[in-house]
Each structure stands twice: as C-alpha cells, then as structure tokens.
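Please read the structure below before turning to the comments.
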2 protein chains.
Amino acid sequence: MFSKACEYGIKAAIFIALKSYQGERVSLKDIAAKIDSPEAFTAKILQKLAKNDIVDSIKGAAGGFEIEKHKIASIQLAKIVDAIDGDSIYIGCGLGLNKCSEDHPCPVHHKFASVREELKKMLESTNLEELALGIKSGASYLKT
Amino acid sequence: MFSKACEYGIKAAIFIALKSYQGERVSLKDIAAKIDSPEAFTAKILQKLAKNDIVDSIKGAAGGFEIEKHKIASIQLAKIVDAIDGDSIYIGCGLGLNKCSEDHPCPVHHKFASVREELKKMLESTNLEELALGIKSGASYLKT
DNA sequence: CTTAAACAGGACAAAATTGTCCGAATTAAT
DNA sequence: ATTAATTCGGACAATTTTGTCCTGTTTAAG
Ligand code: FES
Ligand code: FES
C-alpha cells in the first residue's frame with residue numbers, strides 16, 4: 001500500500017511528534033532505534049520531511065529533529081504520504097492507465113475510485129497529534 | 001496499490017473472459033497488444049493465472065488462453081490479486097509491523113484496517129463477468 | 001580553539017520488481 | 001513427417017526501491 005520509505009516516514013514523524021510534545025528533541029539514531037528502521041535510509045527520508053516543512057532539523061551537537069508543538073495537530077497523514085510517495089495513490093489509475101478519468105475509465109474505475117476516496121479521506125482526517133497520543137497512552141506501537 | 005504484474009494480470013483476465021464469452025480463444029500476442037503490456041512479462045503472469053486455475057492455457061498451434069464460460073461469473077477480482085500479489089494487501093500492517101493485530105496495533109491500525117476491509121470487500125464482490133461486460137459495452141477501457 | 005556530536009548529501013551496493021531472450025515442448029495443419 | 005504457431009520455463013538484463021558508507025558542514029561545550 002505504502003512504500004517502505006513512507007512507512008518509515010510516518011513512524012518517524014509520529015515519534016518526533018511524541019517527543020516534541022514532551023519538549024524533547026530526538027536524534028536520528030534514536031528515531032531509527034525506536035521505529036526499528038535502517039538508520040541511513042531513515043536519514044534520507046527525514047531530509048524529505050524537513051524539506052517539506054513537516055519536521056525541523058537542527059544541525060550540530062545537541063541537534064536532531066523536532067516539530068513545533070503548535071503544528072503537531074495540524075499535520076495530516078496525507079501531507080506525509082504526499083511528501084514521500086507523491087500523489088499517485090490519490091489520483092493514479094488502479095490498473096495503470098495513464099490517467100484515471102471518468103471519461104475513459106478502466107474496468108475497475110468506479111469500484112476502485114470509491115475505495116481510494118475512502119483512503120484519501122482517512123489520510124486527510126488523521127493528524128499526527130492523535131497518532132502520537134495513541135503511542136503515549138500505550139494503545140498502539142511503533143514496532144514489532 | 002497493486003503491482004504492475006497484478007495490473008497486467010487483471011486486465012489480461014478481463015480480456016480473456018471477454019473473448020471466451022464470445023467463444024474465442026486468445027493468444028499471448030493478442031492479449032499483450034490489447035492490454036498494452038510487455039509480451040514476455042505477460043506470459044509469466046498468465047502462467048501464474050493458469051497454475052491458479054483462473055485461466056486455461058492450451059499449448060500448440062491454435063492454442064492460447066481461455067476461461068470456461070460457466071466460470072467467468074464466479075471468478076472474483078480477489079482471486080486474481082491473491083494469485084499474483086498474495087494476501088499481504090489483506091492481512092499486512094499498513095506501517096509494516098510484522099503482523100497486523102488488534103492486540104498490538106500500529107498507530108494507524110483502526111483507521112487503516114477499515115479502509116483495507118473496504119478494499120477487500122470490493123475485490124471479493126467484483127467478478128470477471130461484470131468487468132468484461134463493461135469493456136464489451138464500451139463503458140470502460142483496457143488501455144491508454 | 002579544539003573536539004565531539006550531530007545532520008546533509010553524494011556515491012555506491014543490494015535486493016526486489018519489471019522486463020527480455022531463447023531453446024524446448026506441444027499441437028494443428030499440410 | 002514436416003512445418004508453423006503457440007505456450008513453458010529457465011536464464012538473463014534493466015529499472016526501481018531499499019539500504020549503506022563516507023566526507024563535509026554545523027554547532028554546543030569545554
Ligand atoms: S481509470 Fe482506472 S481507476 Fe480510474
Ligand atoms: S497493526 Fe498496523 S494496520 Fe493493523
């Protein structure tokens with residue numbers, strides 16, 4: 001469904017949000033350990049998140065990643081997915097036609113488009129804050 | 001969402017169903033041309049569909065692929081997807097945890113699982129016959 | 001100022017997916 | 001029987017995705 005990069009990106013963002021909520025800045029090493037992801041690969045993904053203004057990266061000793069507290073609740077899952085995987089999941093044809101359209105639909109268009117719309121709505125209506133709270137409360141987990 | 005292999009597989013199955021409905025057997029070359037897919041790669045996928053008893057393959061001159069008419073309406077999209085991509089799309093965790101479960105859910109589990117369930121229902125409730133009829137009636141297209 | 005901790009980013013490597021080629025086997029038609 | 005049309009399947013190649021490594025830069029602390 002999502003690429004590995006996107007999975008790591010989502011988990012990393014959640015973890016950073018959680019820590020930022022508690023006023024802590026986290027290092028790459030910490031992130032990778034907590035979400036169980038390859039460190040160097042995760043670094044690339046964090047660069048993308050930083051370039052897309054989803055997380056802030058601070059260089060130098062005592063540096064790391066953080067998200068401004070007031071932004072946490074306003075970052076939707078959709079924004080992260082879009083930053084990493086692009087928008088093909090929202091607008092691409094399920095059977096790989098050049099372009100998904102009502103005028104020239106593939107055989108599964110109508111059925112597929114509604115599921116895709118569900119997914120889109122879900123991603124747009126879910127924000128980092130609620131996801132981070134789930135981790136904090138022990139209701140959900142980032143690994144294993 | 002689906003792999004390329006799966007996309008080709010679905011389109012191929014629809015085309016074969018359409019022709020079988022009209023009592024015609026189709027060759028690999030024909031299929032690849034009509035669904036706009038690489039021929040040799042499509043051959044591999046058809047072998048998988050044949051091994052999974054979704055299509056029948058007939059060797060030799062005047063050979064090709066077909067689906068028994070009476071089976072067309074009973075072949076669900078889910079069966080094709082499962083044959084080619086496996087069941088990870090149904091049972092895998094959206095964030096890549098080893099195992100999706102209620103007991104140890106990832107942060108998006110509840111939201112994701114319901115979309116996934118929608119997808120599953122869609123795939124299970126859609127059969128080759130209706131898809132083929134869409135093509136036959138000109139309501140949908142297999143390429144461009 | 002020096003050092004150590006951290007991110008940035010380019011080059012590289014491994015693995016998975018997608019795609020190609022070709023010889024072998026099968027079958028219908030001549 | 002021979003030939004031509006066709007699928008089968010193994011080996012290979014290209015591309016994309018995933019993952020690693022190393023050097024450079026930034027910055028806090030001593
Ligand atoms: S045209 Fe295929 S999903 Fe819309
Ligand atoms: S645990 Fe992640 S989707 Fe169920």
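The values are calculated or read from the model by the stated rules, or taken from the named source; none is laboratory data. Given the structure is predicted, the values throughout are model-derived calculations rather than measurements. Heads up, the Cβs are rebuilt from the backbone with ideal geometry, glycines too, and the neighbour counts pull from every protein chain shown.
Observations
- Filtered residue count, segment A:111-144, keeping only those that are farther than 21 Å from A:I16 by Cβ and surrounded by 14 or more Cβ atoms within 10 Å (Cβ to Cβ): 9
- Any hit, segment B:78-91, residues being among the aromatic types (F, W, Y) and within 16 Å of DNA strand D (Cβ to nearest atom): no
- Selection over segment B:92-118 of residues that are in a helix (DSSP H, G or I) and within 16 Å of DNA strand D (Cβ to nearest atom) gives a count of 0.
- Selection from segment A:117-144 of residues that are touching a residue at least 24 places away in the same chain (Cβ under 8 Å), within 8 Å of chain B (Cβ to nearest Cβ) and not aliphatic (A, V, I, L, M): A:T126, A:K143, A:T144
- Condition broken by A:E68, with the remaining ones in (1) under 19 Å from A:V81 (Cα atoms); (2) more than 10 Å from DNA strand D (Cβ to nearest atom) satisfied: (1)
- Positions within segment B:86-110 being surrounded by fewer than 19 Cβ atoms within 10 Å (Cβ to Cβ) and within 7 Å of chain A (Cβ to nearest Cβ), in sequence order: B:N98, B:H104
- The residues of segment B:13-57 that are of a type in the set (V, I, T), away from ligand 1 (no atom under 16 Å from the Cβ) and assigned to a helix (DSSP H, G or I), listed by number, are B:I16, B:I31, B:T42, B:I45.
- Test for A:I35: is it more than 16 Å from ligand 2 (Cβ to nearest atom), within 14 Å of chain B (Cβ to nearest Cβ) and of a type in the set (A, V, I, L, M): no
- Inside segment B:69-88, residues that are part of a helix (DSSP H, G or I) and away from ligand 1 (no atom under 16 Å from the Cβ) make up a count of 11.
- Looking at A:I72, A:I89, just one residue is in contact with a Leu (Cβ under 9 Å, 6 or more places away or on another chain) and closer than 20 Å to A:F2 by Cα, and that residue is A:I89.
- With respect to the conditions (1) more than 17 Å from A:A73 (Cβ to Cβ); (2) touching a residue at least 12 places away in the same chain (Cβ under 8 Å); (3) within 14 Å of chain B (Cβ to nearest Cβ), A:E7 falls short on a single one, namely (2).
- Residue match in segment A:61-77 (condition: surrounded by 12 or more Cβ atoms within 10 Å (Cβ to Cβ), at pLDDT below 95 and closer than 20 Å to B:H109 by Cα): no
- Conditions (1) part of a loop (DSSP other than H, G, I, E, B); (2) in contact with a helix residue (DSSP H, G or I) (Cβ under 6 Å, 6 or more places away or on another chain); number of the one not met by B:G60: (2)
- Count of residues meeting criterion [away from chain A (no Cβ under 14 Å) and away from DNA strand C (no atom under 16 Å from the Cβ)] in segment B:59-78: 7
- Test result for A:L97, touching a Ser or Thr at 6+ places or on another chain (Cβ under 8 Å) and modelled with pLDDT of 95 or more: yes
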